[in-house]
Amino acid sequence: MTMTPEEASSFAANLDRLVGAVEEVLLGKNRVVRLAFTALLSEGHLLLDDVPGTGKTSLARAMAQSVKGTSNRVQFTPDLLPGDITGVTVYDQRSGRFEFHPGPVFASIVLADEINRASPKTQSALLEVMEEGQVTVDGQTHAVGHPFMVIATQNPVEQAGTYRLPEAQLDRFLMRTSIGYPDHASTIRILEGADQRAHGHQIAAQLDGEEIVAMAASARTVFVDPTIHDYVARLVDATRTAREVRLGVSVRGALALIRAAKTHAAGRGRHYVVPDDVKALAEPVLAHRLILDAEAEFDGVTASNLVSQVLIETPPPSTRQAV
């Protein structure tokens, strides 16, 4: 069963409400907020490469408030242990039983701040929950519930004492983007409200968790023409054969682009995907999955530039074909 035009219109209206509510907190960042909700409704996770103080915590908290959910923030440090994230099993002397104490990962929106400052062992504690929505502690499996999303951050400036995220974990983030500094007009509005602390700003819930889960299920029913599948396959193949690339986009990356394009199309009020949906999301979905050749990096080539070049060199199907 595919999405109907009426369902697409309703989906777009609900997404606009969510984005508008969060923009009250994150001023002037419509694209970033829309990308974050696209990741959430595509049942994926978001990686933010950003300097401190750009509103990452505010984004996570506002998103959770808008969907009537919960948010937790975990500050990743070198001494953080896997159990500090997933939770631990503790023996209760009164009951004579072991009881599970859930960690901060049990929330609707989890902010993993400066994820690359924790050891690889601790970073890997997120792999299962990001992929399967559950954690396994002492042989017992515990579901984190739905909706669920990890927003992880990396500081691109200060790299002392950090551990680079392994490719397997990078591949599990649906998108990577950055919030960046606000423009001049937004900065003035922020300064005018300086008497109110960021965590004191409350926004009204626009939808509840069940409605978000229903929207995510609805997004999966958006129609994708075979020519779009062919286009995405050709884009992925091009990243693998580019001479500047040591490791191209995986199959998981191609699937992620299709999932995100479906949500993007529904967010624009369409019940079908067009090539422009793929183009709009190619860079945030694909770039972080590429590993460039050392010589290419030395020459100043970036993954984002390479994705842009691949989009130029790979002809899309015509809109008439794709509809």
**Complete:** Picked from the range 152-179 (must be at pLDDT 85 or above and out of contact with any strand residue (DSSP E or B) (no Cβ under 8 Å at 6 or more places or on another chain)), the residue least open to solvent (accessible area, probe 1.4 Å) is Asp171
**Enumeration of residues in the range 263-288 that are in contact with an Asp or Glu (Cβ under 8 Å, 6 or more places away or on another chain), part of a helix (DSSP H, G or I) and open to solvent by 20 Å² or more (accessible area, probe 1.4 Å)** = His264
**Message:** The conditions are (1) surrounded by fewer than 13 Cβ atoms within 10 Å (Cβ to Cβ); (2) in contact with a Phe, Trp or Tyr (Cβ under 8 Å, 6 or more places away or on another chain); (3) not small (Gly, Ala, Ser), and Val222 fails exactly one of them. Which is it?
**Reply:** (1)
**Prompt:** In the range 113-133, what residues are open to solvent by 50 Å² or more (accessible area, probe 1.4 Å) and within 25 Å of Asp208 (Cα to Cα)?
**Reply:** Glu131, Glu132
**Complete set of residues in the range 237-262 that are open to solvent by 30 Å² or more (accessible area, probe 1.4 Å) and either in a strand (DSSP E or B) or in the same structural domain as Leu174 (by TED's automatic domain parsing) (or both)** = Arg246, Leu247
**Message:** The conditions are (1) closer than 16 Å to Val88 by Cα; (2) crowded, with 21+ Cβ neighbours inside 10 Å, and Val110 fails exactly one of them. Which is it?
**Reply:** (1)
**Message:** With the requirement that a residue be touching an Asp or Glu at 6+ places or on another chain (Cβ under 9 Å) and either of a type in the set (Lys, Arg) or open to solvent by less than 10 Å² (accessible area, probe 1.4 Å) (or both), what does the range 307-323 give you?
**Reply:** Val307, Ala322
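Run down Gln65, Gln123 and say which single residue is touching a helix residue (DSSP H, G or I) at 6+ places or on another chain (Cβ under 9 Å), modelled with pLDDT of 90 or more and among the polar types (S, T, N, Q).
Details: Gln123 fails: modelled with pLDDT of 90 or more.
Exactly one of Gln65, Gln123 is touching a helix residue (DSSP H, G or I) at 6+ places or on another chain (Cβ under 9 Å), modelled with pLDDT of 90 or more and among the polar types (S, T, N, Q), namely Gln65.
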**Request:** Working only within the range 59-104, note down all residues that are part of a helix (DSSP H, G or I), open to solvent by 60 Å² or more (accessible area, probe 1.4 Å) and either over 19 Å from Leu26 (Cβ atoms) or outside the structural domain of Gln140 (by TED's automatic domain parsing) (or both).
**Result:** Asp84
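Rundown of residues vs (1) open to solvent by less than 10 Å² (accessible area, probe 1.4 Å); (2) of a type in the set (A, V, I, L, M); (3) free of Cβ contacts under 8 Å to residues at least 24 places away in the same chain; (4) over 25 Å from Gly253 (Cα atoms), yes/no style:
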| residue | (1), (2), (3), (4) |
| --- | --- |
| Pro5 | no, no, no, yes |
| Leu18 | yes, yes, no, yes |
| Glu24 | no, no, no, yes |
| Gly28 | no, no, no, yes |
| Arg34 | no, no, no, no |
| Glu43 | no, no, no, no |
**Prompt:** Could you say which residue among Thr177, Thr153 is in contact with a Lys or Arg (Cβ under 7 Å, 6 or more places away or on another chain), on the phi < 0 side of the Ramachandran plot and in contact (Cβ under 8 Å) with a residue 60 or more places away in the chain?
**Reply:** Thr153
**Request:** Examine the range 44-53 for a residue that is out of contact with any helix residue (DSSP H, G or I) (no Cβ under 6 Å at 6 or more places or on another chain) and at pLDDT 90 or above, and state whether such a residue exists.
**Result:** yes
**Request:** Identify the residue in the range 69-104 that is under 22 Å from the mean Cα position of the chain (by Cα) and touching a residue at least 40 places away in the same chain (Cβ under 8 Å) and, among all such residues, is nearest to Leu41 (Cα to Cα).
**Result:** Gly69
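The values are calculated or read from the model by the stated rules, or taken from the named source; none is laboratory data. The shown structure was predicted, so the numbers you read here are calculated from the model rather than taken from an experiment. With ideal geometry, Cβ positions are generated from the backbone for all residues, glycine too; neighbour counts draw on all protein chains shown. The area values use the complete protein model at the heavy-atom level, side chains included, leaving out ligands, DNA and RNA. Shrake-Rupley method; radii C 1.70, N 1.55, O 1.52, S 1.80 Å.
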